[in-house]
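One structure is given here, and the rest of the page talks about it.
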Amino acid sequence: MSPGAPGKRPAAILFDLDGTLIDSAPDLAGACNDMRRERGLAPVEYAKLRAMVGSGARGMVGAGFGIAPGDETYLALRDEFLRRYEQRMTQETRVFADVTPLLGRLGEERIAWGIVTNKATRFAAPLIAALGLAEVAGTLVCGDTTPHSKPHPEPLLEAARRLGVAPEACVYVGDDKRDVEAGRAAGMRTIVAAWGYLGAGDPPTAWAADALIASPDELLALFDWRA
């Protein structure tokens, strides 16, 4: 599947949230650096924290304090981070500018779309409501909606069930290797959102996705919209 060879029109498109639909890094990094400032520490460089957004609280605490799960102080720092993030998570977070017209086009084409994120419902539901996505998304499946989170395929399969669409008729768009792993395991076509956070592991070209796009508007060129 490539812009030069459009693939079959999907029945539904599912999106990851952070780094794919929304740029939440400023508030996630801000919560981490708020913790450091309170402790008299210099802020961590934004670019370093941005790269760890896909790892959630674990990544933020790790990048900010060099602490990993299992360390004595990890749980207290993680819980403090989550409290601080919840208090400020809509201050600087925005929908990526090029995502808005894409979602509008999907509506025009009557293509169902939904969100599948590892973010807990506690954060994801009020966040997408504040950003105006809750009223247009066909479904929201969070990290605690099913017994599993990505890279397990169950959240994606649950989203397909909610939309009434067969998994093989869905496309999943995300910015992390586990998004591709989850999508492939669910039998969906997978697309890497290269404008996202991408993590610190293997480059996205090594994730075995069906396509990699540099901006949201490239998504439309991947499919035959006349079908």
For the chain, calculated [θ]222 nm from helices alone, where every DSSP H run of n ≥ 4 adds -39500 (n - 2.57): -11000 deg cm²/dmol
For the stretch 91-145, convex hull of alpha carbons as volume per residue, Å³: 78
Gyration tensor (alpha-carbon) shape descriptor, the stretch 156-227, a/c threshold 1.5: oblate
Anisotropy class of the stretch 25-88 from Cα gyration tensor, a/c 1.5 cut: rounded
Sparse-neighbourhood loop sites, trypsin sites (Lys or Arg not before Pro) in the stretch 68-117 - DSSP loop, at most 10 other Cβ within 10 angstrom: R110
Using alpha-carbon coordinates, inclination of helix 99-108 to the longest axis of the chain, degrees: 30
By average C-beta atoms within 10 angstrom, highest first, the peptides 192-199, 138-145: 192-199, 138-145
The stretch 20-73 versus the stretch 109-182: alpha-carbon centroid distance in Å: 24
Non-local Lys pairs in the chain, i.e. 8 or more apart or on different chains, that have alpha carbons under 23 Å apart: 5
Acute angle (nearest 10 degrees) that the helix 25-38 long axis makes with the longest principal axis of the chain, alpha-carbon atoms: 10
Simple spin-label estimate for A42 and A129 in nanometres, 7 Å along Cα-Cβ: 4.1
Degrees, to the nearest 10: 56-65 long Cα axis against longest axis of the chain: 30
Cα convex hull of the stretch 73-172, projected area averaged across orientations, nm²: 7.5
Structure-derived semi-axes √(5λ) of the Cα gyration tensor in Å - corresponding label in (i) 28, 20, 16; (ii) 45, 18, 15; (iii) 31, 17, 17: (iii)
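Read-outs throughout are calculated quantities, based only on the coordinates presented, and are distinct from any laboratory measurement. Source: prediction; values computed, not measured. Cβ atoms come from the backbone with ideal geometry, glycine included; neighbour counts cover every protein chain shown.
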